Amino acid sequence: GVGADCGPGAVIQELERRGLLRVFIEGGGVTVSRFLAARCLDRLQLAVSPLIMGQGRPGIDLGETLRLRPSVRRFTLADDILFECSFR
């Protein structure tokens, strides 16, 4: 099993060891931020909706040291926009 290290890299490595070469990760800002910061994502899909909300947790928090500029495809979904970011 994964053991004590359950970080994103260890999770992906264990799943690959078990023969899973494609993994879909669905999560909120904390999960996505951790996998992005560990550079464990090939693609990221972000949906932006015209909804304004009050205070809350930021969607993605990478810290100030990591800057990413993926290639992007954009899709219109009624009033929403889906950005598909590719890191490979």
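Here is how the numbers come out for the structure above:
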item: Mean residue ellipticity (222 nm) of the chain, computed from DSSP H runs ≥ 4 via -39,500 (n - 2.57), nearest 500; result: -6000 deg cm²/dmol
item: GNM flexibility winner over the chain from THR31, THR65, THR76 (Cα, springs under 10 Å); result: THR65
item: The chain, accessible surface, carbon-and-sulfur percent (1.4 angstrom probe); result: 51
item: The chain: C-alpha pair distances exceeding 19 Å, %; result: 50
item: The chain: angle of helix 8-17 to the longest principal axis, Cα-based, in degrees nearest 10; result: 60
item: Relative contact order, percent, the chain [alpha-carbon distance under 8 Å, six or more residues apart]; result: 30
item: Per residue, in Å², the accessible surface of the chain once ligands and nucleic acids are set aside, probe 1.4 Å; result: 83
item: Phi-based couplings in Hz for segment 73-88 (Karplus 6.51, -1.76, 1.60; Gly and Pro marked x); result: 10, 10, 10, 9, 10, 6, 7, 8, 10, 9, 9, 9, 9, 10, 9, 10
item: For segment 50-60, Karplus couplings with θ = phi - 60° (6.51, -1.76, 1.60), whole Hz, Gly/Pro x; result: x, 10, 9, 10, x, 4, x, 6, x, x, 9
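The values are calculated or read from the model by the stated rules, or taken from the named source; none is laboratory data. All values derive from a computational prediction rather than experimental measurement. Ligands, DNA and RNA are excluded from the accessible area calculation, which covers all protein heavy atoms including side chains. Shrake-Rupley method; radii C 1.70, N 1.55, O 1.52, S 1.80 Å.
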